[in-house]
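Q: Attaching a single structure in structure tokens format; questions to follow.
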Amino acid sequence: MTPDRARAARELLAFYLETGVESLVGEAPVDRLADRGEDAAAAVPQPPALADRARSAAPASGFAARNGETLARPGAPPPQTPLREPAAVIPSPAPMPPDSAVMAAREAARSARSLDELRAILERFEGCALKFMAKQLVFADGNPEARVMFVGEAPGREEDLAGLPFVGRSGQLLDRMLAAIGLDRTRAYIANIIPWRPPGNRDPSVQETQICLPFIQRQIELVDPDVLVCLGKPSTAALLGVNDGIKRTRGRWFSYHTGTREIRAMPTYHPAFLLRSPLEKRQAWRDLLAIKKALAE
Ligand code: URA
């Protein structure tokens with residue numbers, strides 16, 4: 001390899017790391033635009049900028065691969081000689097007015113008449129840049145008929161790989177918390193505010209949260225639980241509009257309007273926080289008992 005190509009390769013790898021690339025899966029190209037089909041893309045309201053780019057994206061324009069996908073590098077021309085064939089082509093996240101993405105999300109979420117429809121709509125929605133960096137959608141796990149719904153913040157690496165929420169270390173603790181009050185995933189429903197993993201597990205931005213919010217709100221409305229549990233401050237702030245610290249809000253009952261009725265909602269500690277601060281499990285245990293009691297009423 002010539003020194004120039006070696007330098008180009010190092011720069012490319014550094015760029016991958018910066019954008020959260022952690023692994024390579026699959027050598028074969030996958031044309032996700034072809035998979036999507038014209039009808040499906042047209043059915044979901046899309047923010048104009050992204051929808052236009054999705055139609056005009058050309059295979060050769062992307063070169064940064066993440067988990068078998070290809071991203072265009074903002075502001076930089078593609079290399080003359082690619083180091084390897086681009087693995088796949090997807091439209092890159094384009095700068096766009098956040099308002100139009102939020103409006104498109106609201107319209108798309110409202111149009112879902114069932115959880116299956118909502119999932120399908122999210123699979124096609126292109127208004128949130130996180131989608132293009134995640135491996136797959138992490139929609140939900142558990143029983144949609146459950147009386148209690150737990151909502152976390154966003155998927156991590158394990159969840160991104162599995163396509164299911166709370167399957168990593170936090171998820172194992174969540175399972176033990178559920179078991180402590182006689183629940184498991186057949187008797188609880190679990191989702192996140194953000195259904196795509198933010199690269200490198202960074203915090204979701206305010207804009208990303210605003211764009212994803214209508215979808216989780218609609219998901220709650222469709223599941224229609226009796227009790228909503230917000231895991232951690234980001235979930236509490238997004239769903240209950242309460243910005244106090246979780247130490248102040250945990251264990252308190254709030255009212256949540258699903259769109260059709262008022263239900264009870266309680267913030268509690270996120271399992272990831274409890275892994276870091278095991279002494280707080282005592283408080284979380286109190287919250288769990290209160291949730292158990294509410295479900296028995
Ligand atoms: N943390 C979350 O908030 N959600 C997950 O699914 C996993 C970890």
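Q: Whole-Hz Karplus ³J(HN,Hα) for region 225-234, in order, using 6.51 cos²θ - 1.76 cosθ + 1.60 and θ = phi - 60°, x for Gly and Pro?
A: x, 7, 10, 10, 10, 8, 8, x, 5, x
Q: Could I ask something else about it? Would you mind working out the magnitude of the charge dipole of region 98-296 relative to its Cα centre, with +1 at each Lys and Arg C-beta and -1 at each Asp and Glu C-beta, to the nearest 20 Debye? Write out the running numbers ahead of the final one.
A: Numbers: 29 positive and 23 negative charges, 157 e Å.
That gives a dipole near 760 debye.
Q: Could you sort 253-259, 139-145 so that the peptide with the highest average Cβ count within 10 Å comes first and the rest follow in order?
A: On the way: 253-259: 14.1, 139-145: 18.4.
Highest-to-lowest ranking by the protection proxy: 139-145, 253-259.
Q: From the Cα trace of region 164-297, what convex hull volume per residue do you get, rounded to a whole Å³? Mind dumping the intermediate values first?
A: On the way: hull volume 14.9 nm³, N = 134.
In region 164-297, the Cα convex hull volume per residue is 112 Å³.
Q: To the nearest 0.05, how large is the calculated FRET efficiency for Met103 and Arg187 if R₀ is 45 Å and r is the Cβ-Cβ distance?
A: On the way: r = 36 Å, r/R0 = 0.81.
It comes to 0.80.
Q: OK, next. Which lysines, if any, have their Cα less than 16 Å from the Cα of Lys247, not counting same-chain residues under 8 positions apart?
A: Lys233, Lys281
Q: Another question about this same structure. Rank by packing, highest mean first: peptides 128-138, 276-286, 170-180, with packing defined as the count of other Cβ atoms within 10 Å averaged across residues.
A: Details: 128-138: 22.5, 276-286: 13.3, 170-180: 18.4.
Sorting 128-138, 276-286, 170-180 by mean packing, highest first, produces 128-138, 170-180, 276-286.
Q: Could you give me the ³J(HN,Hα) list for region 133-138, computed from phi with Karplus coefficients 6.51, -1.76, 1.60 and θ = phi - 60°, whole Hz, x at Gly and Pro?
A: Result, ordered by residue: 10, 8, 6, 7, 6, 10 Hz.
Q: Given H placed 1.01 Å from N in the peptide plane, which residues other than close sequence neighbours of Val229 have an amide H under 5 Å from its amide H?
A: Amide H neighbours of Val229, under 5 Å, 5+ apart: Met149, Phe150, Val151, Met266.
Coordinate-derived values only; no laboratory data. Owing to the predicted nature of the structure, the values given are computational and were not obtained by experimental measurement. Note that each Cβ is placed from the backbone with ideal geometry, even for glycine, and that neighbours are counted across all protein chains shown.
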